Amino acid sequence: MIETIARRAVFCGAFAVLLIPFFVSQSMYFPYITGKNFAFRIIVEIMLAGWTVLAVMVPAYRPKRSWVFLSMAAFVIIIGIADMFGINPARSLWSNFERMEGFMMLLHLAVYVLVLGSVVRTEKMWNALLNGSVIASVALSLYSFSEIPAQFEGQLVRIDGTLGNPTYFAVYLLFNIFLALVLLYRNYRNKISVAAYGAALIAQMVALYYTGTRGTLLGFVAGLVLAALIMFVWGKAHPRLRRASGIVAAIVVLGGGLFFMLRNTSMIQGSPILARVANVSLTDTTVESRLTLWGSIGWEGFKERPLLGWGQDNFIVVFGKYYDPVMYKQEPWFDRAHNVFVDWLIAGGALGLLAYLFLFGAGIYVLWKTTLSLPEKALLTGLFAAYFVHNIFVFDNLVSYIYFGMLLAYIHASHIRAKIADVPVGSTQSVIRPEIVMGAGVVGAIALIYFVNVPHIARSQSLIEALRLDYGGADSSALLAEYE
């Protein structure tokens, strides 16, 4: 009974995480950020309590070695040391309400990967989880379509759903598009499933287009082409899919060439989104600022502290110290380099960046060691590539962290599945009474939730209440746009 409750706590938590993108807390400061992050932390802490009970009672639930888990452990340890010896350990640990990252977020992400990869192991459960994610993404895509009409009035309105930022929404869609492609392949013999996943892909890709996020669109194209090329080169056992992959790769490449040739036509320039993509150049204000952040500012910061960096959430210090006057045309300050790799280079130095890249390398290496089919491996490799390209131009957020963690956990679970059978209910082997284990787990979860989250939630609510009073008692919905 207790084992069943603990398993359900983990499973329910895994599905609850899929609803986090929908959550907007109007009672907290930075409503699109804080509510989602506190929800994630609390859910993970409950999942941790459930997994701890399982791990104590049933040895089969204890972590199994894989390069995925080892790479995550190495990353957390190195960044933890970097934060400890950084210039502001307190900020590196807790971050701020605008970002809600820091080591506390990283620790919760690592626990999420550990628990998900250790408990959710059957293909049936993962299929349910991936399907749930795709369904949620379609629902959010349909919701976001209400923001599109302004496009037809010639305005550049980039949709963001309930995520508060088009870039955050774009990377959420990026992961779910590739997951939908994997599920489409698995169900290609079922006409109803093909139609359903096809409709889901159309909704997701339309929404991705209207986010207008150039780095994510480029990542999507790169990942799709890579997956198609892998299938075309090594897919001899799948002749139809191999031909289709070759056609897809050719269409994407030729389409890209055609778009480049027609970039100055009225057809392209008359569309706000297409014009935004077509008009990218080294003299573009946004591109120029990115290159400055990566180069004269980021590089100088790295040279000053090359081994372990400045600690998380301290790019703003580097920005101020090595400010380049060419940035006068941009915002007065930047707390991110708008490049994930530069961000980790500043946060954790060379060791931190190498540890982050190790996550990609370990994930892809273990992926190709699993028993997944070649098309599934090709698509998930394409997803790694798409996310990698996306990360060159933007910074991470809670949603991208969650989905990267989910991807790594799925690969780990697929890897160990061939070696370890699923654990049947009722296989308890603990010498400790189950009631004691469960009681300790519940007490631990309550303590974590209170000490890690409750005081900060109260502060966030106090801040928004102070702002409401400053605005003459305006309700929180009137402050959403002002303080997002």
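Accessible surface comparison of 353, 19, probe 1.4 Å, protein chains only, largest first: the order is 19, 353.
Enter the Cα centre distance for the pair region 164-218 and region 250-266, rounded to the nearest angstrom. That distance is 22 Å.
Dimensions of the chain along the principal axes, based on C-alpha atoms and rounded to the nearest Å, stand at 73, 63, 47, largest first.
Could you pull out which residues in region 115-135 have an amide N less than 19 Å from a spot 7 Å beyond the Cα of residue 195, following the Cα-Cβ vector? Of the residues in region 115-135, 135 have backbone N under 19 Å from the label point off residue 195. Between amide H atoms placed 1.01 Å from N, distances below 5 Å from residue 337 occur with 343, all of them 5 or more places distant or on a separate chain.
I'd like to verify something in the chain: which complete DSSP H helices, judged by Cα projection on the helix axis, reach 24 Å or more and average at least 0.0 on the Kyte-Doolittle scale?
Details: long enough: 34-57 (35 Å, 1.25); 67-84 (25 Å, 2.19); 102-119 (26 Å, 2.12); 123-144 (31 Å, 0.69); 166-186 (30 Å, 1.60); 191-211 (30 Å, 1.17); 214-234 (30 Å, 1.99); 239-261 (33 Å, 1.23); 340-367 (29 Å, 1.96); 374-393 (29 Å, 0.98); 398-417 (28 Å, 1.03); 434-470 (53 Å, 0.96).
Span-like helices, by this rule, are 34-57, 67-84, 102-119, 123-144, 166-186, 191-211, 214-234, 239-261, 340-367, 374-393, 398-417, 434-470.
Over 22 Å apart at the Cα level, from the set 124/191; 191/236; 124/369; 191/369, are 191/236; 191/369. Annotation: amide H of residue 96 within the under-5 Å range of 101, sequence separation 5 or more or interchain, hydrogens built in the peptide plane. Hull volume per residue, based on the alpha-carbon atoms of region 64-110 and their convex hull, is 63 Å³.
The largest-to-smallest principal axis extents of the Cα set in region 1-82 are 43, 41, 17 Å. Restricting the calculation to alpha carbons of region 85-218 gives Rg and Dmax of 18.1, 58 angstrom.
Taking the Kirkwood radius as the inverse of the mean 1/r across Cα pairs, report the Rg/Rh of region 298-425. Provide the component values of the computation, followed by the final result.
Details: Rg = 18.4 Å, Rh = 16.6 Å.
Rg/Rh: 1.11.
Taking only protein heavy atoms and a 1.4 Å probe, the accessible area of region 77-118 is 75% carbon and sulfur. For residue 329, a cut-off of 29 angstrom between C-alpha atoms picks up these lysines, skipping any fewer than 8 places away in its own chain: 303, 321. Only Lys, Arg, Asp and Glu carry charge here, each on its Cβ (+1 for the first two, -1 for the last two); on that basis the chain has a dipole of about 2060 debye about its Cα centre. Computed over protein heavy atoms with a 1.4 Å probe, the accessible surface of the chain works out to 43 Å² per residue. Surface composition of region 261-356: carbon plus sulfur atoms hold 64% of the accessible area, using a 1.4 angstrom probe and ignoring ligands, DNA and RNA. Computed with a 1.4 Å probe on the full set of protein chains, the accessible area for residue 398 sits at about 20 Å². With the gyration tensor restricted to C-alpha atoms of region 235-342, the semi-axes of the equivalent ellipsoid amount to 38, 23, 10 Å, longest first.
The values are calculated or read from the model by the stated rules, or taken from the named source; none is laboratory data. What you see is a predicted model; the values in this text were computed from it and never measured. When we count neighbours, we look across all protein chains shown, and the Cβ atoms used for this are built from the backbone with ideal geometry, even at glycine. Side chains are part of the model used for accessible areas, which takes the heavy atoms of the whole protein and leaves out ligands, DNA and RNA. Shrake-Rupley method; radii C 1.70, N 1.55, O 1.52, S 1.80 Å.
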